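A.B. asks: Below is the structure I would like to discuss, written out as structure tokens.
The values are calculated or read from the model by the stated rules, or taken from the named source; none is laboratory data. The shown structure was predicted, so the numbers you read here are calculated from the model rather than taken from an experiment. Cβ placement follows ideal geometry from the backbone for every residue including glycine, while neighbour counts extend to all protein chains displayed. These area figures cover heavy atoms from the full protein model, side chains too; ligands, DNA and RNA do not enter into them. Shrake-Rupley method; radii C 1.70, N 1.55, O 1.52, S 1.80 Å.
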Amino acid sequence: MSEEHYLELCDSPVQFENASSVNNVFFDEANKQVFAVRSGGATGVVVKGPDDKNSIAFRMEDKGEVKCIKFSYENKILAVQRSPKSVVLPDKRSLKLLKSHSINVNWYVYCPETSVILLSTTVQGNVLQPFAFKCGTMSKMSKFEIELPVVTKPAKIILSERDIAVATIYGQLYVMYLKHHSRTGNNPGAEVVLYHLQREGACKRSHILKLNTTGKFALNVVDNLVIVHHQSSQTSFMFDIKMKDTDSNLNIHQPVLPARSIHPYKIALTGTVSVSITVLCHSVTFLLGSGYLWYLQVKLKPVVSLLQDKSKLMEFLLRRRDCKMVILSVCSQMLSRGDKGSLPVVAIVFDKLNQVYKEYLEAEQSYTMAVECGPSRGSTAHKRPVRTQAVIDQSDMYTHVLSLFTERKDVSHKFIIAVLMEYIRSLNQFQITVQHYLYELVIKTLVQHNLLYMLHQFLQYHVLSDSKPLACLLLSLESTYPPAHQLSLDMLKRLSTANDEIVEVLLSKQQVLGALRFIRSVGGHDNISARKFLDAARQTKDQMLFYTIFRFFEQRNQRLRGSPNFTPGEHCEEHVAYFKQAFGEQAFIKPVTL
């Protein structure tokens, strides 16, 4: 089943002419390009990359067999190697020697992403000398020794370039050594040993990945995960070096998930035949000899069912590139159980999400402050923090999880409220300001289930933080819960909010009576604009509401000026005409009370 495969090949492979007696195929790891060279270039060279919209095609003069061919960055310069000791550049026809080191080399491995080369030295080949290239300069780094499983006599080369790879994992440079143990004795199986290669300082062994089997292997690094492919079983192991094993204090890692094969890829051949192909290659990409180039990808959805521990699952997902929607889906599934016993797990998940959220907010705040302060002497340009998919903010949780969760009829309302309060507790723990719409969700849920005593307690003990939107919501609940009016007024007083601003907020929510009652409670009803309130009442299309508001201002006019009529300066002629049309010239009811 496809659900079992957590590795897959990309949907759009690069297709190229298959290698043959007249066509040589080369792969450039730096630019991720495939070169198909026909007849030494005389009859054509075709270059394709996974991100290239159009292929590059050209011809070269046939000067013998092409041993290696590559483009420079942005395809500006083409380098062609035809002999072990020479490279030719079409522009200048030569290379300039910048620097040289005298060293006996068995083999080398180059990492194009970091511009670091490893040279194998000594008789057994296990002392590696790294060099770093930057801006046209070459610097020598600290050499280090790979610990071999056995030492042969007489000494001979044991360490092969096939067992060494260089990769960047979580922003750090590592040398990966595929260590095969001897077949004698208690064979623990092969393992991948990671050496942390630092620009300055000694290279140290930092992680051991236990494969628990023997045979031929190949390595990939995808989305900061080390993928080890086992040839005989046609399965792959996945390792995350940031995931600690609970049974060991050392950085010894078991596979994160059970070994699985890569999801088969269907390729239509001549006629109606199709085949499933899984290919292993010692490269960051997958290169297929029959004319296809793929990237390897991690599928996150199958991981959810394979990694049962929700804490570990969330840690794993938060470190992945395209994780947001999968994380939100996991949260929804987790809450759908409606089990109070799962609250501790819910709390752990919320804390892990909000820790990442808080780190991003702090980075954003530091960036903003640095920009406002201006550049200081000797400082570099400030870089805005990148918002990765791992940043799950309150809006994400509200939209995709919590608002939908509160509408579920098959889950206890007590559990729903407990989950909402748990999320708010987590936000407060990380000192993240809770957005008002979360408080509104809590209040609406409490009112919906008639838990007004709990609402009163939450407000009385300031479990729900004061805010203007929250106070306005409470004002609108007065008809359902009369004490809400006084609770809202108390909150507004604590906020020391301008009365005019509160009235505007209430009117914008069509809480016209609430706004009028509020302004009366603070003694400002003699100075407010009648037209503003009559406009708002008309917009509600509630005739009785309009009648009540109109009569209120008529009574105010009578009390202040001895006449119910509006003055020309109040610009209420339109509303007077509407009132007469709707209720008649002599419409009269006893004085209204608000």
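A.B. asks: Within the P(r) computed for region 514-580, what percentage of the Cα pairs occupies the region above 21 Å?
C.D. replies: Counting every Cα pair in region 514-580, those more than 21 Å apart make up 18 percent.
A.B. asks: Okay, next question. Hey, what do the phi angles of region 349-354 turn into as Karplus ³J(HN,Hα) couplings, whole Hz, using 6.51/-1.76/1.60 and θ = phi - 60°, x for Gly and Pro?
C.D. replies: Going residue by residue, I get 5, 4, 5, 5, 5, 6 Hz, with x marking Gly and Pro.
A.B. asks: Can you check what the net charge comes to around residue 106, using other residues whose Cβ is under 15 Å from the Cβ of residue 106 (Lys, Arg +1; Asp, Glu -1)?
C.D. replies: So the surrounding residues net to 0.
A.B. asks: So, in nm, how far is label residue 399 from label residue 493 when the simple model puts each one 7 Å beyond its Cα toward the Cβ?
C.D. replies: The two pseudo-label positions are separated by 3.9 nm.
A.B. asks: Right, something else. Regarding region 1-148, what whole-number volume in Å³ per residue does the convex hull of its Cα atoms give?
C.D. replies: 198
A.B. asks: Return the tail of the calculated pair distribution for the chain, meaning the percent of Cα-Cα pairs more than 46 Å apart.
C.D. replies: Beyond 46 Å sits 42 percent of the P(r) for the chain.
A.B. asks: Now, a different point. Given just the C-alpha atoms of region 420-460, how large is their convex hull per residue in cubic angstrom?
C.D. replies: Enclosed volume per residue, from the Cα hull, is 64 Å³.
A.B. asks: Moving on to the next point. May I ask you to give the solvent-accessible area per residue for the chain, in square angstrom, as obtained with a 1.4 angstrom probe?
C.D. replies: Working: 32270 Å² over 594 residues.
With the other protein chains kept in place, the chain gives 54 Å² per residue.
A.B. asks: What distance in nm lies between label points placed 7 Å from Cα along the C-beta direction at residue 301 and residue 142?
C.D. replies: So the label points at residue 301 and residue 142 sit 4.7 nm apart.
A.B. asks: Is the shape of region 355-514 rounded, prolate or oblate, going by the alpha carbon gyration tensor and its root eigenvalues a ≥ b ≥ c, with a/c under 1.5 for rounded and a/b larger than b/c for prolate?
C.D. replies: Judged from the Cα gyration tensor, region 355-514 comes out oblate (a/c at least 1.5, b/c at or above a/b).
A.B. asks: Also, I was wondering about something else. Using a 1.4 angstrom probe with every protein chain in place, what is the largest-first accessible-area order of 453, 295?
C.D. replies: 453, 295
A.B. asks: To the nearest 0.05, how large is the calculated FRET efficiency for residue 233 and residue 54 if R₀ is 56 Å and r is the Cβ-Cβ distance?
C.D. replies: Computed FRET efficiency for residue 233 and residue 54: 0.90.
A.B. asks: Right, another one. Semi-axes of the equivalent ellipsoid for region 322-443, please: Cα gyration tensor eigenvalues, times 5, square-rooted, ordered largest first, whole Å.
C.D. replies: Working: eigenvalues 227, 39, 27 Å².
Whole-Å semi-axes of the equivalent ellipsoid: 34, 14, 12.
A.B. asks: Normalise the Debye intensity by I(0) for region 1-74, one equal point scatterer per Cα, no solvent, then take log10 at q = 0.15, 0.16, 0.17, 0.19 Å⁻¹ and round to two decimals.
C.D. replies: Listed by q, the Debye log ratios stand at -0.56, -0.61, -0.67, -0.79.
A.B. asks: Oh, and also: What is the set of long-range amide H partners of residue 166 at a cut-off below 5 Å, with H atoms built 1.01 Å from backbone N?
C.D. replies: The list, which skips near neighbours in sequence, is 176.
A.B. asks: Once the dipole of the chain is set up with Lys and Arg at +1 and Asp and Glu at -1 on Cβ about the Cα centre, which of 549, 533, 30 lies farthest towards its positive end?
C.D. replies: Result: 30.
A.B. asks: In addition: Roughly speaking, what is the stretch gain from residue 172 to residue 565, that is 0.36 nm per residue apart minus the C-alpha to C-alpha distance, in nm to one decimal?
C.D. replies: Here the segment from residue 172 to residue 565 would lengthen by 133.6 nm.
A.B. asks: May I ask for the net charge around residue 568, where only other residues with Cβ less than 14 Å from the Cβ of residue 568 are counted and Lys, Arg are +1 while Asp, Glu are -1?
C.D. replies: Neighbour charge sum, excluding residue 568 itself: -1.
A.B. asks: Here's a follow-up. Calculate the dipole size of the chain relative to its Cα centre from +1 charges on Lys and Arg beta carbons and -1 charges on Asp and Glu beta carbons; express the result in debye to the nearest 20.
C.D. replies: Working: 69 positive and 54 negative charges, 275 e Å.
With only Lys, Arg, Asp and Glu charged at Cβ, the dipole is about 1320 debye.
A.B. asks: Tell me the carbon and sulfur percent of the accessible area for the chain, rounded to whole percent, probe radius 1.4 Å.
C.D. replies: Numbers: 16270 of 32270 Å².
Heavy-atom surface of the chain belonging to carbon and sulfur, 1.4 Å probe: 50 percent.
A.B. asks: So how long is each side of region 448-594 along the principal axes, counting just the alpha-carbon atoms, biggest first, in Å?
C.D. replies: Computed over the Cα atoms, the extents are 51, 31, 24 Å.
A.B. asks: Pop a pseudo-label 7 angstrom from the Cα along the beta-carbon direction at both residue 309 and residue 244 and give the gap in nm to one decimal.
C.D. replies: Spacing of the two 7 Å Cα→Cβ label points: 1.1 nm.
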